[in-house]
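Just below is one structure, and these are the notes that go with it.
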Amino acid sequence: MKHWFILLLAGLVAILGGIFALFNPIEATFAATRIVAFIFIIMGALQIVAAFGDLGLGARIWTAALGALAIVIGVWIIGNPIEGTMVLTWTIGLLFLVEGIVKIVLAFAARGTGYFWMLLLTGAVSVLLAGMILSRFPASALTIPGILLAVDLISTGVAMAALALHFRSRRTA
């Protein structure tokens, strides 16, 4: 990669942003909620545009209706940030629970392979995280999305920095 330094800089910015979010989880939670709201609005607008494609009439109507619903959800979250944060946290907790159960079921389907313990362990961690989030709900709603955003920013930043250094070493070799 020709511009490895820019990738390294982006990784460092992500790491710093993640550290900032870890020390300010409530503010990061509201930022994550706003990001989700804008994603819903953009996604909905793109769905409405896609509805004008060459699909059948029924598909156009459903695509446009789902797009409009996404926009309404995004606008609602912006107008109701606390409730939006609650819904986001509840959804994260349920997602972790379902993900954990699926991993555990897959682990037992993979019994006797090298993947059994890894799947079982990661499934148990997901169920444990879901339990932590949902058992402390609604108090967890103020910090969980912000902490998850922080962890993701840090891990993404580390990955970007590692890739940048890899590209730099390949360039000089």
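Expressed as a whole percent, the accessible area of region 18-93 that falls on carbon and sulfur atoms is 82 (1.4 Å probe).
Rank these residues by their accessible area, most exposed first, probe 1.4 Å: Ile41, Ile61. Can you show the working numbers first?
Working: Ile41 45, Ile61 100 Å².
So, going from the largest accessible area down, we get Ile61, Ile41.
Above 23 Å, the calculated P(r) of the chain contains 61 percent of its Cα-Cα pairs. Taking the centroid of alpha carbons for each part, region 33-78 and region 117-173 are 29 Å apart. Can you tell me how region 1-99 classifies by the Cα gyration tensor, rounded, prolate or oblate, using a/c under 1.5 as the rounded cut? Taking the square roots of the gyration eigenvalues as a ≥ b ≥ c, region 1-99 is oblate.
The value of relative contact order for the chain, using C-alpha pairs under 8 Å at least six residues apart, is 42 percent. Normalised by the number of residues in region 47-127, the average gap of Cα pairs under 8 Å and 6 or more apart makes the relative contact order 21 percent. Heavy atoms of the protein chains alone define the surface here; on that basis the chain has 63 Å² accessible area per residue at 1.4 Å probe size.
The 1.4 Å probe gives accessible areas that order Phe108, Phe20, largest first, as Phe20, Phe108. Computed with every protein chain present, the accessible area of Lys2 is close to 150 Å² [probe 1.4 Å].
The order of Trp90, Trp62 by accessible area, most exposed first and with a 1.4 Å probe, is Trp62, Trp90. Kirkwood-type hydrodynamic radius, region 120-161: 11.6 Å, calculated from all non-identical alpha-carbon pairs. Computed over region 87-173, the quotient of the alpha carbon radius of gyration and 2.2 N^0.38 Å is 1.46.
The values are calculated or read from the model by the stated rules, or taken from the named source; none is laboratory data. All of these numbers come straight from a predicted model, not from anything done at the bench. The accessibility values were calculated without ligands, DNA or RNA, using every heavy atom of the protein model including side chains. Shrake-Rupley method; radii C 1.70, N 1.55, O 1.52, S 1.80 Å.
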